[in-house]
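Peer 1: Before I ask anything, let me first share the structure, which is written out below as structure tokens.
The values are calculated or read from the model by the stated rules, or taken from the named source; none is laboratory data. Remember, it's a predicted structure, so these values are computed and weren't measured experimentally. Every residue, glycine as well, gets a Cβ built from its backbone with ideal geometry; the counts of neighbours run over all protein chains shown. Just the protein is used for accessible areas: all its heavy atoms, side chains included, with ligands, DNA and RNA removed. Shrake-Rupley method; radii C 1.70, N 1.55, O 1.52, S 1.80 Å.
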Amino acid sequence: SPVSTAITCFTRGLDLRKETEDVLCPANCPLWQFYVFGDGVYASLSSVCGAAIHRGVITNAGGAVKVQTLPGQENYPAVNANGIQSQMLARWASSFTVTRSKDIALEAVGRSISTARPSTGKRPKKTLEKKSGNKDCKADIAFLIDGSYNIGQRRFNLQKNFVGKVAVMLGIGTEGPHVGVVQASEHPKIEFYLKNFTAAKDVLFAIKELGFRGGNSNTGKALKYTAQKFFSFENGARKGIPKIIVVFIDGWPSDDIEEAGIVAREFGVNVFIVSVAKPTTEELGMVQDIAFVDKAVCRNNGFFSYQMPTWFGTTKYVKPLAQKLCSHEQMLCSKTCYNSVNIAFLIDGSSSVGDSNFRLMLEFISNVAKAFEISDIGSKIATVQFTYDQRTEFGFTDYITKEKVLSAIQNIRYMSGGTATGDAISFTTRNVFGPMKDGPNKNFLIVLTDGQSYDDVRGPAAAAQKAGITVFSVGVAWAPVDDLKDMASEPRESHTFFTREFTGLEQMVPDVIRGICRDFLDSKQ
């Protein structure tokens with residue numbers, strides 16, 4: 001009886017070496033991840049097991065399949081069958097067919113054809129004495145590699161070699177840079193996370209094991225996915241360390257990349273684009289957006305884009321790229337409005353507010369504070385309550401975790417008394433912002449009041465703004481709109497908020513947060 005070789009869900013026709021081969025497909029392959037081109041006769045780019053399920057030779061329970069290699073052809077059709085939608089392909093250099101295999105003896109699975117995923121079984125044992133790595137290069141880096149059929153298997157392997165060399169040059173280690181890899185194709189796939197390996201040799205091994213996926217080069221989709229999902233603390237991202245995505249593009253992206261660039265910047269990720277073999281004059285007509293590099297990078301200042309003419313002879317490009325990735329002072333996108341602001345809330349504690357409305361004010365400031373990344377190296381919150389008098393409830397350095405800040409807000413006791421807003425602004429500028437004057441964060445003051453101030457607000461607000469503090473005024477009930485505008489920073493319309501009822505404060509939370517982020521970004525341009 002024929003001997004069958006075990007393969008993975010992702011082994012393609014072109015990964016098989018013999019003209020006729022008996023293979024064994026595993027069970028429970030994820031149908032939506034299959035790339036299958038054609039019907040009956042499949043382009044050798046197709047997954048063998050995917051084609052076998054599509055043809056009805058096996059089910060998703062796996063089983064034995066005979067694969068026959070054929071010459072290439074044109075116009076492979078797209079057909080939906082057995083839960084798999086095959087795709088059209090204009091032409092490919094070789095094809096295969098699949099039929100049922102007879103009664104099978106299984107060849108040692110040990111040398112199964114592995115074309116994908118660093119298999120956990122093969123990972124080298126981690127040595128006990130961990131290397132601390134290059135401490136001068138603090139970075140958490142995702143290499144977003146091109147796994148589309150734009151690049152093809154051969155150039156994909158050259159790309160892997162290049163990424164491996166850059167990873168070694170960086171000096172990976174527990175206290176140095178950490179890296180992970182995401183493959184862009186039809187659907188992005190995180191191959192390994194920052195936390196998986198902290199030694200260069202393990203990273204090299206994992207990169208060598210990566211299998212080529214094929215599909216369209218949906219770089220925009222993959223960039224957005226990486227910015228949103230890759231850098232979580234549970235996946236190994238570290239606090240206060242620059243987050244970087246190095247995007248490799250062979251040719252040009254097949255989808256829109258501009259929105260993904262915006263999302264990455266919002267998440268505080270520094271995007272580098274390494275473009276290889278840029279489109280020729282004849283090809284430019286096929287490119288959705290010629291300025292795709294400028295729209296995706298962190299800043300369009302030349303630092304974040306990198307050009308290589310081809311995948312051959314790339315050794316000379318390794319060191320300059322590694323040096324860029326280690327220049328943390330150039331990582332302009334690491335600072336976001338969420339992790340680089342000081343926000344002080346100035347709360348009206350006058351008798352017209354009343355106890356239950358005062359609680360609604362505290363709820364409002366809690367909800368605004370919740371949006372920010374509060375830490376000793378991140379954003380900071382302070383609150384001052386005022387009547388004729390002022391009381392600092394807590395300053396910027398009193399609480400450095402979000403939990404402690406939120407609990408301190410809940411514990412604020414209502415004062416009750418008159419309303420001297422101008423005095424309170426001067427007090428806050430001097431005593432709360434004074435000590436932070438030369439810090440790296442941008443300063444914001446949010447004044448919450450429900451009535452007319454007994455003193456002048458215009459002078460103290462102008463002095464606060466002159467000291468570099470952006471002022472938002474939030475008025476409720478009887479607060480005169482003219483006073484609110486006199487306190488607010490320019491443009492006054494977008495820095496002034498008003499609601500008739502205290503219950504209306506809740507709806508303003510997203511607008512206030514958006515306003516802070518907008519001002520933060522404007523100050524960085």
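Peer 1: Taking Cα pairs under 8 Å and at least six residues apart, what relative contact order does region 141-269 come out at, in percent?
Peer 2: Over region 141-269, the number comes to 33 percent.
Peer 1: Here's another thing I want to ask about it. Can you grab the distance from the C-alpha centre of region 412-437 to the C-alpha centre of region 58-83, Å, no decimals?
Peer 2: 73 Å
Peer 1: Counting DSSP beta bridges in the chain, what percent are antiparallel, to the nearest 5?
Peer 2: Antiparallel: roughly 35 percent of the beta bridges in the chain.
Peer 1: Ok, one more. Only Cα pairs under 8 Å and at least 6 apart count here; give the relative contact order of the chain as a rounded whole percent.
Peer 2: Answer for the chain is 9 percent.
Peer 1: What are the semi-axes of the equivalent ellipsoid for region 423-525, taken as the square roots of 5 times the Cα gyration tensor eigenvalues, largest first, in whole Å?
Peer 2: Equivalent-ellipsoid dimensions as semi-axes: 22, 18, 11 Å.
Peer 1: May I pose another question? Rounded, prolate or oblate: which one fits region 140-330, using the alpha carbon gyration tensor with axes a ≥ b ≥ c (rounded when a/c is under 1.5, else prolate when a/b beats b/c, else oblate)?
Peer 2: Note, shape of region 140-330 comes out rounded.
Peer 1: OK, next. Region 299-357 to region 466-525: how many Å between their Cα centroids?
Peer 2: The distance from the Cα centre of region 299-357 to that of region 466-525 comes to 25 Å.
Peer 1: Then there's this: Filter the cross-link list Lys189/Lys524; Lys335/Lys380; Lys138/Lys165; Lys370/Lys466; Lys138/Lys370; Lys224/Lys402 down to pairs whose alpha-carbon distance in this structure exceeds 22 Å.
Peer 2: Exceeds cut-off: Lys189/Lys524; Lys370/Lys466; Lys138/Lys370; Lys224/Lys402.
Peer 1: What is region 173-224 by shape, rounded, prolate or oblate, if you read a ≥ b ≥ c off the alpha carbon gyration tensor as root eigenvalues and call it rounded for a/c under 1.5, prolate for a/b larger than b/c, and oblate otherwise?
Peer 2: Here region 173-224 falls in the oblate category.
Peer 1: Something else: Mind running the shape call on region 341-522? Use the C-alpha gyration tensor, a ≥ b ≥ c as the square roots of the eigenvalues: rounded below 1.5 for a/c, prolate if a/b tops b/c, oblate otherwise.
Peer 2: Rounded, since a/c falls under 1.5.
Peer 1: Where q = 0.06, 0.13 Å⁻¹, what log10 of I(q)/I(0) comes from the Debye formula for the chain, counting one point per Cα?
Peer 2: Taken in order of the listed q values, log10 I(q)/I(0) reads -0.42, -1.14.
Peer 1: Right, another one. Enter the accessible area per residue of region 49-97 (Å², integer; probe 1.4 Å; all protein chains in place).
Peer 2: 48 Å²
Peer 1: Describe numerically, in nm with one decimal, the distance between label points set 7 Å from Cα along Cα→Cβ at Asp136 and at Ala81.
Peer 2: Distance between the two pseudo-spin positions: 6.1 nm.
Peer 1: Additional query: Just tell me the longest site-free run in the chain, where the sites are chymotrypsin sites (Phe, Trp or Tyr not before Pro) in a DSSP loop having at most 14 other beta-carbon atoms within 10 Å.
Peer 2: Longest run free of exposed loop sites: 1-311.
Peer 1: By how many nm would the segment from Ala93 to Arg458 lengthen if fully extended, with 0.36 nm per residue of separation less the alpha-carbon distance?
Peer 2: Length gained between Ala93 and Arg458: 123.8 nm.
Peer 1: How far apart, in nm, are two points set 7 Å out from the Cα along the Cα-to-Cβ line at Asp398 and at Asp522?
Peer 2: 3.1 nm
Peer 1: Turning to a different aspect of this structure: Taking all protein chains in place and a 1.4 Å probe, what share, in percent, of the accessible surface of the chain do carbon and sulfur account for?
Peer 2: Solvent-exposed carbon and sulfur of the chain make up 52 percent of the total.
Peer 1: To the nearest µm²/s, what D does Stokes-Einstein give for region 229-277 at 37 °C and 0.692 mPa s, using the Kirkwood radius over alpha carbon pairs as Rh?
Peer 2: Using the Kirkwood radius from Cα pairs, D works out to 269 µm²/s.
Peer 1: If you don't mind, another one. So what is log10(I(q)/I(0)) for region 304-385 at q = 0.11, 0.14, 0.16, 0.24 1/Å, when the Debye sum runs over its Cα atoms only?
Peer 2: Debye output, listed in q order: -0.54, -0.67, -0.76, -1.11.
Peer 1: How many angstrom separate the Cα center of region 190-259 from the Cα center of region 1-20?
Peer 2: So the two Cα centres are separated by 29 Å.
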